[in-house]
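Working notes, beginning with the structure itself.
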């Protein structure tokens, strides 16, 4: 229901603003710009969905091989002590556990192309548990699906590969100098999302497996920090990208080997799963087009600019430093569109310089949270969930906490420093 109101608000607010600009400000181009943006985003939505077809086809084929070879079951048993506390409605050893671990792992390594298919696979498996008393699948999100989606939107990133690559291409002196702030802010967003859902679902997080996970994450972050710190600046981007790619490829090979050991026809099993991936990529087209068209109208009318400028004026009136304001477009765009926020980040890097405070802050924000509306539309759309309950609210709370922490960390690490 929340997504319904937000979707309508995008259109209605955009229409009112367009009327004001047309008849009061005498801007005769605004409605043309809105229609162009809406049609362009509709095309983009279809292209993204169809572009996912190849990736989805490959990864869901590999996931089916992993299931048949028993690897997904092994992953499920490995994560069960921790996930059973966060997903009490998912039976022990259920395949969804392994798929969720695969999704989180790919996201942490910055491998979005691998994370999305794995996430959609996990949602499909969670949907098999989301049934009524007659065994019919429900169109209302389950507690487990909401927890999974919100943790996905918080998106813990251990290796912000794409951000480092963009900063490298912008000729930053040290492309990975935002590495630690991103680690911290994305972890804060993840914890905020976890706590928010735990409050909604009355889950007790003070359990040993949860605390062990948090401690283990701290050890991983510390190890990555010293590993990155020991590298020359020019090697950080390629080596971190190589680490992520190497781990993902190792997973693919291990699935294939597991299938061979089980003496299954690996290729036939792969094709069976691949067909499912293509069907899902087609199914999400209307959901993705719907949200992107609304966002296009909102941007084209200038509503995003008004929002950013209004916040800047408010903080200036309150006497706060407003150096962070030029980076806010990335913060507002990231929950709506990953490609849009990426384009805004690149624009900021070009205009202000990658080693400026604003350039570094935009980089931190870009690496902190995920595209909440995109994930909501794609993941829930893939299993025909229409009633999302509090998923959007919780996701936006996690986004807000992540973005706020990104701004504060930007000031702590980089404000008043010369690049």
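The values are calculated or read from the model by the stated rules, or taken from the named source; none is laboratory data. Since this is a predicted model, take the numbers as computed values, not measurements. Every residue, glycine as well, gets a Cβ built from its backbone with ideal geometry; the counts of neighbours run over all protein chains shown.
Of all the residues that make up the range 375-384, how many are within 12 Å of residue 338 (Cβ to Cβ) and buried (at least 24 other Cβ atoms within 10 Å of the Cβ)?
As a first pass, look at the range 375-384 and keep what is within 12 Å of residue 338 (Cβ to Cβ): 375, 378.
Remaining after also requiring buried (at least 24 other Cβ atoms within 10 Å of the Cβ): 378.
Number of matching residues: 1.
In the range 2-14, which residue that is more than 16 Å from residue 374 (Cα to Cα) and in contact (Cβ under 8 Å) with a residue 60 or more places away in the chain is surrounded by the most Cβ atoms within 10 Å (Cβ to Cβ)?
Result: 14.
Give me the helices (runs of 4 or more DSSP H) completely within the range 198-311, filtered to those with at least 3 residues that are within 30 Å of residue 15 (Cα to Cα) and out of contact with any strand residue (DSSP E or B) (no Cβ under 9 Å at 6 or more places or on another chain), ordered by residue number.
Numbers: elements: 208-229, 233-261, 266-283, 285-300.
The helices (runs of 4 or more DSSP H) meeting that bar are 285-300.
Among the residues of the range 340-359, write down those that are touching a residue at least 40 places away in the same chain (Cβ under 8 Å) and either under 19 Å from residue 185 (Cβ atoms) or out of contact with any helix residue (DSSP H, G or I) (no Cβ under 7 Å at 6 or more places or on another chain) (or both). Give the steps one after another, and end with the answer.
Taking the range 340-359 first, the residues touching a residue at least 40 places away in the same chain (Cβ under 8 Å) are 340, 342, 345-346, 349-350, 353-357, 359.
Passing the criteria: 342, 345, 349, 350, 354, 355, 356, 357, 359.
Find the residue count for the range 164-190, including only residues that are closer than 18 Å to residue 412 by Cβ and not in a loop (DSSP other than H, G, I, E, B). So that I can check it myself, show each step before the final result.
Quick first cut of the range 164-190, residues closer than 18 Å to residue 412 by Cβ only: 174, 176-189.
Of the ones still in play, those that are also not in a loop (DSSP other than H, G, I, E, B) are 179-189.
Residues flagged as closer than 18 Å to residue 412 by Cβ and not in a loop (DSSP other than H, G, I, E, B) within the range 164-190 amount to 11.
For residue 378, which of the numbered conditions (1) without any contact (Cβ under 8 Å) to a residue 12 or more places away in the chain; (2) under 16 Å from the mean Cα position of the chain (by Cα) fails to hold?
Of the numbered conditions (1) without any contact (Cβ under 8 Å) to a residue 12 or more places away in the chain; (2) under 16 Å from the mean Cα position of the chain (by Cα), the odd one out for residue 378 is (1).
Would you mention how many residues in the range 79-106 are without any contact (Cβ under 8 Å) to a residue 40 or more places away in the chain and in a helix (DSSP H, G or I)?
Here the count works out to 8.
Could you list all residues from the range 45-66 that are in contact with a helix residue (DSSP H, G or I) (Cβ under 8 Å, 6 or more places away or on another chain) and at pLDDT below 80? Let's see the steps before the verdict.
Keep residues of the range 45-66 that are in contact with a helix residue (DSSP H, G or I) (Cβ under 8 Å, 6 or more places away or on another chain), which gives 45-46, 48-50, 52-53, 55-66.
Once the filter is applied, which keeps residues that are in contact with a helix residue (DSSP H, G or I) (Cβ under 8 Å, 6 or more places away or on another chain) and at pLDDT below 80, the range 45-66 yields 45, 48, 49, 50, 52, 53, 55, 56, 59, 60, 63.
Could you check residue 395 against (1) more than 15 Å from the chain's Cα centre (by Cα); (2) at pLDDT 90 or above and say which number it fails?
Every condition holds for residue 395 apart from (1).
Does the range 188-202 contain at least one residue that is without any contact (Cβ under 8 Å) to a residue 60 or more places away in the chain and loosely packed, with under 14 Cβ neighbours inside 10 Å?
Yes.
Could you check, for the range 323-331, whether at least one of its residues is buried (at least 24 other Cβ atoms within 10 Å of the Cβ), under 16 Å from the mean Cα position of the chain (by Cα) and without any contact (Cβ under 8 Å) to a residue 60 or more places away in the chain?
yes
When you scan the range 119-140, do you find a residue that is under 19 Å from residue 413 (Cα atoms) and either out of contact with any strand residue (DSSP E or B) (no Cβ under 7 Å at 6 or more places or on another chain) or outside any loop (DSSP other than H, G, I, E, B) (or both), even just one? Step through it out loud before you land on a result.
Of the residues in the range 119-140, the ones under 19 Å from residue 413 (Cα atoms) are none.
No, the range 119-140 contains no residue that is under 19 Å from residue 413 (Cα atoms) and either out of contact with any strand residue (DSSP E or B) (no Cβ under 7 Å at 6 or more places or on another chain) or outside any loop (DSSP other than H, G, I, E, B) (or both).
Provide a single number: the residues in the range 374-391 that are part of a helix (DSSP H, G or I) and either under 30 Å from residue 177 (Cβ atoms) or in contact with a strand residue (DSSP E or B) (Cβ under 8 Å, 6 or more places away or on another chain) (or both).
First, pick out the residues of the range 374-391 that are part of a helix (DSSP H, G or I): 374-382, 391.
Restricting the remaining residues to those that are either under 30 Å from residue 177 (Cβ atoms) or in contact with a strand residue (DSSP E or B) (Cβ under 8 Å, 6 or more places away or on another chain) (or both) gives 374-375.
The qualifying residues number 2.
Scanning the range 16-38 for residues that are part of a helix (DSSP H, G or I) and without any contact (Cβ under 8 Å) to a residue 40 or more places away in the chain, which turns out surrounded by the most Cβ atoms within 10 Å (Cβ to Cβ)? Step through it out loud before you land on a result.
Of the range 16-38, the ones part of a helix (DSSP H, G or I) are 16-23, 30-38.
Right, trim to without any contact (Cβ under 8 Å) to a residue 40 or more places away in the chain and you get 16, 19-20, 22-23, 31-32, 35.
Details: 16: 12, 19: 13, 20: 13, 22: 14, 23: 9, 31: 16, 32: 10, 35: 13.
Checked the range 16-38; the qualifying residue surrounded by the most Cβ atoms within 10 Å (Cβ to Cβ) is 31.
What number of residues within the range 330-373 are farther than 18 Å from residue 150 by Cβ and assigned to a loop (DSSP other than H, G, I, E, B)?
Number of matching residues: 5.
Failed condition for residue 232, given (1) under 23 Å from the mean Cα position of the chain (by Cα); (2) surrounded by fewer than 16 Cβ atoms within 10 Å (Cβ to Cβ); (3) over 25 Å from residue 55 (Cβ atoms), with all others met?
Of the numbered conditions (1) under 23 Å from the mean Cα position of the chain (by Cα); (2) surrounded by fewer than 16 Cβ atoms within 10 Å (Cβ to Cβ); (3) over 25 Å from residue 55 (Cβ atoms), the odd one out for residue 232 is (1).
Is it the case that the range 361-371 has a residue that's under 19 Å from the mean Cα position of the chain (by Cα), within 26 Å of residue 200 (Cα to Cα) and modelled with pLDDT of 90 or more?
Our first condition is that a residue be under 19 Å from the mean Cα position of the chain (by Cα); within the range 361-371, this holds for 361-371.
Checking which are within 26 Å of residue 200 (Cα to Cα) leaves us with 368-371.
Okay, now just the ones that are also modelled with pLDDT of 90 or more, so none.
The answer is no, given that none of the residues of the range 361-371 is under 19 Å from the mean Cα position of the chain (by Cα), within 26 Å of residue 200 (Cα to Cα) and modelled with pLDDT of 90 or more.
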